[in-house]
Every structure is written in structure tokens, then in C-alpha cells.
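S.K.: Handing you this structure, nothing more for now.
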Amino acid sequence: MSVITLTTDFGLQDAYVAALKGVILSTNPSATIVDICHSIEPQNIRQAAFVLSTVYGYFPRGTIHTVIVDPGVGSERRAMVLRTEEAFFVAPDNGVLSYVLLDASAGKTPSNAGLMELPPGLQAVEITNPEFWHHPVSATFHGRDVFAPVAAHLSLGTPVHRFGDPVTSLNVLPVPRPHIHGEGTLTGCVLHIDAFGNVVTNIREEHLPSGVPCIQVAGHRIVSVSSTYASAEPGQPIALMGSSGYLEIAVRNASAASVLGVQIGDGVSVYTEPRPPGD
Amino acid sequence: MSVITLTTDFGLQDAYVAALKGVILSTNPSATIVDICHSIEPQNIRQAAFVLSTVYGYFPRGTIHTVIVDPGVGSERRAMVLRTEEAFFVAPDNGVLSYVLLDASAGKTPSNAGLMELPPGLQAVEITNPEFWHHPVSATFHGRDVFAPVAAHLSLGTPVHRFGDPVTSLNVLPVPRPHIHGEGTLTGCVLHIDAFGNVVTNIREEHLPSGVPCIQVAGHRIVSVSSTYASAEPGQPIALMGSSGYLEIAVRNASAASVLGVQIGDGVSVYTEPRPPGD
Amino acid sequence: MSVITLTTDFGLQDAYVAALKGVILSTNPSATIVDICHSIEPQNIRQAAFVLSTVYGYFPRGTIHTVIVDPGVGSERRAMVLRTEEAFFVAPDNGVLSYVLLDASAGKTPSNAGLMELPPGLQAVEITNPEFWHHPVSATFHGRDVFAPVAAHLSLGTPVHRFGDPVTSLNVLPVPRPHIHGEGTLTGCVLHIDAFGNVVTNIREEHLPSGVPCIQVAGHRIVSVSSTYASAEPGQPIALMGSSGYLEIAVRNASAASVLGVQIGDGVSVYTEPRPPGD
């Protein structure tokens, strides 16, 4: 129960990430600290939420995930500890845990943004007890002075309720879901573009129509879903179920996003007819 | 006493950092190795010294800080082990430990560059004993062959005096201090620009005049010191006491350095009158 | 026997590297995981092979080196475990272990690409036993679902033969060797350019003619081999034996590759006469 992960928008040019680690090791010298990603675009809560969603399930039970993308630091935004069946999360209450909450609610929650009631079995507190913080607390670096020391104390076994007052709802971002039109057609959108330029959509395997699907994105049409990158001709876009469980568009040995001119938020149509409705 | 930190200008494109870690783990398999920063500009001793200064105080007592920004490798520059009350430092004697020495001397030292006498309570040796090195020693990579193995042996408890001959002074860089003009005015300068584009000055809280200060930098005037980034209007520069204890200029959700056109070394004026002297 | 290294082309913008670590720690919570490099150019097998070759010898005996540069993922390319006298390697059979195999064969192998017979004393298996994988196995991320869990089980002491069927030959890339012309002259080529812009050739100390060698590269002539970067005049190229054992061309405090206009694959001549043959 002593793995602590870090997801931030701090970059690697400064010593901010190292400050978190120094503080954690000062409290728990035997913590195992793992970097998830420090290249989140500054203040991009949505990107942090997505990147975390692709990886937290692969960590040992009891891992403590610390997410510090925190444009509201020092304002009235709440700082939270969340406990699910599998893991702990220490983060500002600004939506970075949206996918975690939606995963835990088994899709029963609205896709609208705003306060979402805590699904059954989860526990959350607002971090209000200064006993576990690093003092003096700076106004601008709660990662170092609040989140990291709380994560370290969690890793020592301090129970969640010690960190502050229980809360019953947390903020979630709007998480776009594909729209099923019936007749084997649906429209989704681009959620993420990874470092290879692979285009990750919000369409999962269970959304796909039976039969051979066509995918249309940014004016390009891709026929059928492949199983591997290697099955593609160089330069030709392919669609495949990516390793995070979402339909992806890829170009072998190249950036699909560049080749196709795709951006986050672009629409993606899937259909089994030769043409999409209204085309 | 087994945390070893690494600060280098090696970047992350090669395996140079990994070579340090391999050598350390070969000597002490249970060392906890923490990256402070490997994105120091090549050979930028001043930047390495500053980045280290912002973080070393957050590590556990007895941490061994290894700093390898070493343009003089293979020349006559000395390699050092420094022991302070709190930590160990393994580094070339080229100024990368300037802030550590100034912190330890409680401001009693000159701000001029050059050899500085070791403050009381500190111990330093020149690394001359090849018994603890990795052989053969290359002419160009003392990080791997000298500094890393010395850090590893320190982490096993080898006493400082075993590594070489005692020295009584170390090289420091000129560390610019703000100039107090009296009448509530002072001039400082820009020490550092972080990865967010926040502008870090050399002005600390105790330097600030009483009353509501105005800050002038690169032709921009900022009235009053804010407490958080979130308190700023988007696009408007604010001044605040940063997490490292220095007055910073920031622009919410943007790079203050870019927005204001500020560079390292630029002058910063602070005053309580409506205009600075001679404006 | 519990150090696991990671070399990938995943970059640091996503959580792919973290997924490997989560999977490893889920199987062996006490593994020590070290990043060798994640900035290999996408699908650049040759670069991965070279970067690995410069560092694996510096790790403790029994270290498990995991190399995931795998353009053929999901195709018929084999996944391998290789055991040498000193270390374990977990990687696709696409040439990323070329230097490891050539080192182990003491130069007795051909420099041609293709299947190379396993040198004596080495053991290799194709990873075919799904018992040790992370299920479900995605078609596109064997790093997470096959290589990382196999590395973790190796670190727990699972014997190599348990992972699959023995193989007797592995794929190697053509590794260029210098051509000795006799009369103290030879021609080699540029193998690698590091993050400092240092130009690494394929010429080793034992290849150099006796006497004072001249080196010619990209139209520039460098007289004699220096021992340190610091011995050079700023802006002037020098040749020196680099820390990886290869002849390097460097420019003090600058990128030799940029200053000289050198690229990977460029020819390098060494001679002891005032001019190279045919000049």
C-alpha cells in the first residue's frame, strides 16, 4: 500500500516535481513514487483526467494517485481525498477525477458537468486538517505543501477521515459520449491525441455496430477495423481498438493527427451503410 | 540516509542519466534515487545552482545531492563532497553549490564571485581517493565514473574524509542581491524563468517595503502583491510571493515572461511612491 | 536481481510508460524500475539498440533490461527473453539487441543483418506462454500486456525456460564496422548524435593507427585526439575517445553536429599522413 503516483502539469524543466518527491520521502522514506505524466498542458484539467483514466487501473490495489493540475490553487476550490474500491486519489476538486467517478458509477451518471453525487462504496473528504500539511503553506504550491504530504500520510496508513470533512459530491467535467442513431450508425468525437499522433475517440467496442463498420473523420473514410498497426500500408489511416479500450485512428509509422488534420473535439461517424446519413 | 538526488544538464534523449543510476545501484542496490532536473541548459552552472536551491531543503535529512553540470570535466577543476548540517552534496567546484553555501552562511558572505571560506559547521573534501571510483575513469564522464560512485558510497555510510583531502574554501558565483535605496524603494533583478513562464526575482519578503508596493519590470507596472494566481484577471500580470520565497511576476494561465517580454537579468524596481525615483 | 530497466519510444507526454510500471509493481511490488530512455525516435530500432549498448554494462548483475521499440507489435515478429552471463533482456526480436549479441560474441559474428546464431553461454526463448501475461492482451500494447509482466516475473526469479520455447538464433541489424585500409588509414561512419550534439563514430581506440591521427568528417579536418572537452578552444571541433568507448567529435559548449553539419551515417576518415588517400 505504498505506491504513490504523480500526474501534474509541472513539466520537467524545474524542480517542482522533485519537491513533491522530497516532501513525500521526508514523511515516508519507503514510499515507491511513480511518475504518470508531468507533460499535461498547463491547467488542462480535461487532458489530466483522460491520461489518468487510461492508466490507474494498471496499478496495485491501494495505490495513491496524486493529481496536481490546479489552476484554482489558493482560491476556494476544494482539495480532496477520494477512496474507491481499488485506490486512493488526492487532487483538487476541479474535474480531474471525472473518469474515475464515472468508472465507479458504472455509467449511471449524467454526462453533464457539475456536482455529481458520490457513487455507493466510495468515500471522499475535503482536505481541511492542517495537521498533515507541510508548513508554512505557500499560497501557490499546494502540490508540495498539501497534496504531497497528504499522499505520504495516506501511504503510512492514516485513515481517510483524518484528513478532513466528509463530502457527498464532487465536480465532474462533461465527458462526451457517442450518440447512437440506430440503424448501425453513431457519432462520437476525438477525445485525445497521443504522442505518436494516434487519434483516440470516445467510441468503445460495445458501441460499434455489428457488421463491418466504416469510420469517417475529418473528411477521411476508413473501411473496417484492423487489429494491429503493422497491418496497415504505410501512409494509410487505419482504425483499431486501442490499448485503452477506445476506437483509435492511426497511420503506421506516422502521426495520424498530422496526416489527417484531426484535432481534439472533431466529430467521428461510424456506420455500416456505404454512406453516413445525410452524406 | 539513502536518498540520492541527481541534477544534470544531460537531457533525457540519451542514456547518460541511466548510467549514473546503474552505477549507483551497482554499489548500493537499496538507494532511493530521485531526479531533480536533467533539463538544465548545457553548461549553465547558474541555472543549476538556482534550481537546486529551490528544492534541496524539502528532502529528508542526510539526502545526498549529486549535481553534474560540469563544463570543466577532465580539466583542473576540483570535484567535491560537501557536508552541511542537513545534507551531502557531490559536485564539481564550479559554483553549482553557491546558494547552498550562502544559505549556510546566513548571509554573512560577500556577494562577489570567487573562493568563499567554508562557513562554520560545514565539511568539504576534494575527491582525490580513486578507491571509490568506477574504473576505468573516462576523461569526459566523471558523472558516471566519479560523482555517482562517490554518492553511492556516501549512501552506504562511508565518512566524508575517506573521499579525499579537506578543503577550506569553495568557489561561489556572484549571487545578485537587491539594492535597498531607502525611502521604501529597492531594485532587484530577474533570477529565473520557470517552465510556466513565471518570472522569479531575487527579492524576498523581508526586502519588501511596508505599505502597498508597486513593482516595475520591463516597462510594466504592477500594483500590489497578490496572494494567488487565481486572483488575477486573465492576461493581467500580477506579483506574488512565490513558492520558493522570492517575489514572482505571473500571468494567469499564460507565460508572464512571454507576455511581458522579460529575460533573466532584467531589472526589477519596487517602490511605494506612485513613481520610482527618476521615473 | 530486482532491477528492471525500460527503454522505449513512448515519449513522456502520455501515460504509456507509467502503465508498464503499474503492471510491473502489481506483480513485484519491490522491483526497482529505472528509465533508460523514452525518447527513442518512434520505431527507430537502430537508435534503441545503440542507446542500450552504451549503458547496460553499468547495471548490477542480473538486471532485467526491457526494450520496447516495436513497430511490428501484433504481427508475426517474435517476443523474446534473452539471458547473457550478466543480464536479462526482454524485447521484440527485431534487432534492438544487436549490440548485446555482438558484444557477447566477441566480434566473431558477421556484420551483416539477419538471423544470428546465439553465441555460446546465452539462452533465449520466444515468449509464448500466456500464463505470465496481463489479460486481456491488447493487439497494440504488448509492452504493457506481455513484456512488462514477463520482466516482472523474471525479477521474481521465474526461470527463463518457463516463458516459452527455446530459440537458437535472433535477428541482428547490420552494425557498421570501420574499414582498415592499412598504412595507418581507416574509414568509419557516424553512429549516433547525442543530446549535446556530440558526434559518436563507430571507431574504437583499438582501431586508431599509432602516431598522431588526423580525423576528417564532413569536410572538416581535426588534428590529433584530445583528452577532454575543456581542452578545446570554444567553437573549434575536437576529437576524443568518448565515454562509451567510441571516437567522438565535439565542440566545446556547442553542438558539433550543428557546427559541422554532420548527420548519422556520414563517413569519417582517420589517417596519419598529412592528407587522406586520394585527397
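S.K.: Tell me, what are the semi-axes, in whole angstrom and largest first, of the equivalent ellipsoid of region C:164-239 as set by the roots of 5 times the Cα gyration tensor eigenvalues?
M.R.: 31, 18, 11
S.K.: Pairs of Cα atoms under 8 Å, at least six residues apart: use those to get the relative contact order of chain C, whole percent.
M.R.: After rounding, I find 16 percent.
S.K.: In the full protein assembly as shown, how much of B:His161 is accessible to a 1.4 Å probe, in Å² to the nearest 10?
M.R.: The accessible area comes out at roughly 110 Å².
S.K.: Extending each Cα 7 Å along its Cβ direction at B:His161 and A:Ser224, get the distance between those two points in nm, one decimal.
M.R.: Rounded to a tenth, the inter-label distance reads 7.8 nm.
S.K.: Here is a further query. Using the alpha carbon gyration tensor of chain C, what are the three equivalent-ellipsoid semi-axes (square root of 5 times each eigenvalue), largest first, in whole Å?
M.R.: For chain C, the ellipsoid semi-axes come out as 38, 20, 15 Å.
S.K.: When only Cα pairs under 8 Å and 6 or more residues apart are kept, what is the percent relative contact order across region A:1-137?
M.R.: The value is 24 percent.
S.K.: Placing the label point 7 Å from Cα along the Cα-to-Cβ direction, what are the distances from C:Pro234 to the equivalent spots in the other copies, shortest first, in nm to one decimal?
M.R.: Label-point distances to the other copies, shortest first: 4.3, 4.3 nm.
S.K.: Taking a probe of 1.4 Å, how large is the accessible area per residue of region C:167-210, in Å²?
M.R.: That works out to 43 Å² per residue.
S.K.: Taking all protein chains in place and a 1.4 Å probe, what share, in percent, of the accessible surface of region B:187-275 do carbon and sulfur account for?
M.R.: The C+S portion of the solvent-accessible surface of region B:187-275 is 47 percent.
S.K.: Rounded, prolate or oblate for the protein assembly as shown? Axes are the square roots of the Cα gyration tensor eigenvalues, ordered a ≥ b ≥ c, and the cut-off for rounded is a/c under 1.5.
M.R.: Oblate shape, in that a/c is at least 1.5 and b/c is the bigger or equal ratio.
S.K.: Shifting gears a bit: Which value in deg cm²/dmol, rounded to the nearest 500, describes the helix-derived mean residue ellipticity at 222 nm for chain A, given -39,500 (n - 2.57) per DSSP H run of n ≥ 4 and division by the residue count?
M.R.: For chain A, the value works out to -4000 deg cm²/dmol.
S.K.: While we're here: Got the C:Glu86 label distances to the other copies yet, label 7 Å along Cα→Cβ, in nm, shortest first?
M.R.: From this label point to the equivalent ones elsewhere in the assembly: 3.9, 3.9 nm.
S.K.: Give me the one-decimal nm value for the distance between modelled label points at A:Gln123 and B:Glu183, 7 Å along each residue's Cα-to-Cβ direction.
M.R.: Roughly 6.3 nm, to one decimal.
S.K.: With respect to the symmetry axis carrying chain C onto chain B, which residue of chain C exhibits the smallest Cβ distance to that axis, and what is the value in whole Å?
M.R.: C:Leu12, 4
S.K.: Further, regarding this structure: Is there a simple number for the mean count of other chain Cβ atoms within 10 Å of the Cβ of residues in C:21-27, and what is it?
M.R.: 6
S.K.: Taking amide H positions as placed 1.01 Å from N in the peptide plane, with prolines and chain starts having none, which residues 5 or more places from B:Asn171, or on another chain, fall under 5 Å of its amide H?
M.R.: B:Gly95, B:Met116
S.K.: Please identify, among A:Val172, A:Val190, A:Val96, the residue showing maximal mean-square fluctuation in a Gaussian network model of chain A using a 10 angstrom Cα cutoff.
M.R.: Top of the fluctuation ranking is A:Val190.
S.K.: Follow-up. Averaging sequence separations of C-alpha pairs under 8 Å and six or more residues apart, then dividing by the length of region A:33-114, give the relative contact order as a whole percent.
M.R.: Computed over region A:33-114, the figure is 28 percent.
S.K.: Let me ask something else. Within 10 Å, count the other beta carbons around each residue, average over each peptide in B:247-257, A:145-155, and list them highest first.
M.R.: A:145-155, B:247-257
S.K.: Let me ask another. If you average the C-alpha positions of region C:222-258 and of region B:231-269 separately, how far apart do those two centres end up, in angstrom?
M.R.: 40
S.K.: Calculate what fraction, in whole %, of the accessible area of region A:1-145 sits on carbon and sulfur atoms when a 1.4 Å probe is rolled over the protein chains.
M.R.: Answer for region A:1-145 is 50 percent, counting heavy atoms of protein chains only.
S.K.: If you don't mind, there's one more thing I want to ask. Can you list, shortest first in nanometers, how far A:Val212 lies from the same residue in the other copies, with each label 7 Å from Cα toward Cβ?
M.R.: Ordered by distance, the counterparts are at 7.3, 7.3 nm.
S.K.: Round to the nearest 10 and report in Å² the accessible area of A:Trp133, as given by a 1.4 Å probe over the protein chains' heavy atoms.
M.R.: 60
S.K.: Evaluate peptide A:6-15: per residue, the Cβ atoms of other protein chains within 10 Å of its Cβ; return the mean as an integer.
M.R.: Going residue by residue through A:6-15 and averaging, the value is 6.
S.K.: Roughly how much accessible area, to the nearest 100 Å², goes out of reach of solvent when B and A pair up, both sides summed, probe 1.4 Å?
M.R.: 2300
S.K.: Amide H neighbours of B:Ile4 under 5 Å, at least 5 residues apart or on other chains, H built in the peptide plane: list them.
M.R.: Answer set, sorted by chain and number: B:Thr32, B:Ile33, B:Val34, B:Ile64.
S.K.: Using the Karplus curve 6.51 cos²θ - 1.76 cosθ + 1.60 with θ = phi - 60°, work out ³J(HN,Hα) for each residue of region A:208-222 in order, rounded to whole Hz, and write x for Gly and Pro.
M.R.: 5, x, 5, x, 8, x, 9, 10, 10, 8, 6, x, 9, 10, 10
S.K.: Taking the simple approach of a point 7 Å from Cα along Cα-to-Cβ for both B:Ser231 and C:Ser30, what is their distance in nm?
M.R.: Placing both labels 7 Å beyond Cα along the Cβ direction yields 5.0 nm.
S.K.: Suppose all protein chains stay in the model; what accessible area per residue would a 1.4 Å probe give for region B:1-91, in Å²?
M.R.: 30
S.K.: Loop-only trypsin sites (Lys or Arg not before Pro) in region C:55-94, please: DSSP not H, G, I, E or B, and at most 13 other Cβ atoms within 10 Å.
M.R.: C:Arg61
S.K.: Still on this structure: Would you mind telling me which residue in B:Ser210, B:Ser169, B:Ser244 has the biggest mean-square fluctuation in a Gaussian network model of chain B, where springs connect alpha carbons within a distance under 10 angstrom?
M.R.: B:Ser210
S.K.: While we're on this one: Go ahead and set up a Gaussian network model of chain C, Cα springs under 10 Å, then flag whichever of C:Pro159, C:Pro176, C:Pro130 fluctuates most.
M.R.: Among C:Pro159, C:Pro176, C:Pro130, the largest GNM mean-square fluctuation belongs to C:Pro159.
S.K.: Just tell me how shielded C:32-42 is by partners: mean number of partner chain Cβ atoms within 10 Å of each residue's Cβ, no decimals.
M.R.: 5
S.K.: Taking a ≥ b ≥ c as the square roots of the Cα gyration tensor eigenvalues, with a/c under 1.5 meaning rounded and otherwise prolate when a/b beats b/c, else oblate, which class fits region A:26-83?
M.R.: Verdict is oblate for region A:26-83.
The values are calculated or read from the model by the stated rules, or taken from the named source; none is laboratory data. Note that this is a predicted model, so its numbers are computed, not measured. No Cβ is skipped: glycine too gets one built from the backbone with ideal geometry, and neighbour counts run over all protein chains shown. Remember, those area values only see protein heavy atoms, side chains included, never the ligands or the DNA or RNA. Shrake-Rupley method; radii C 1.70, N 1.55, O 1.52, S 1.80 Å.
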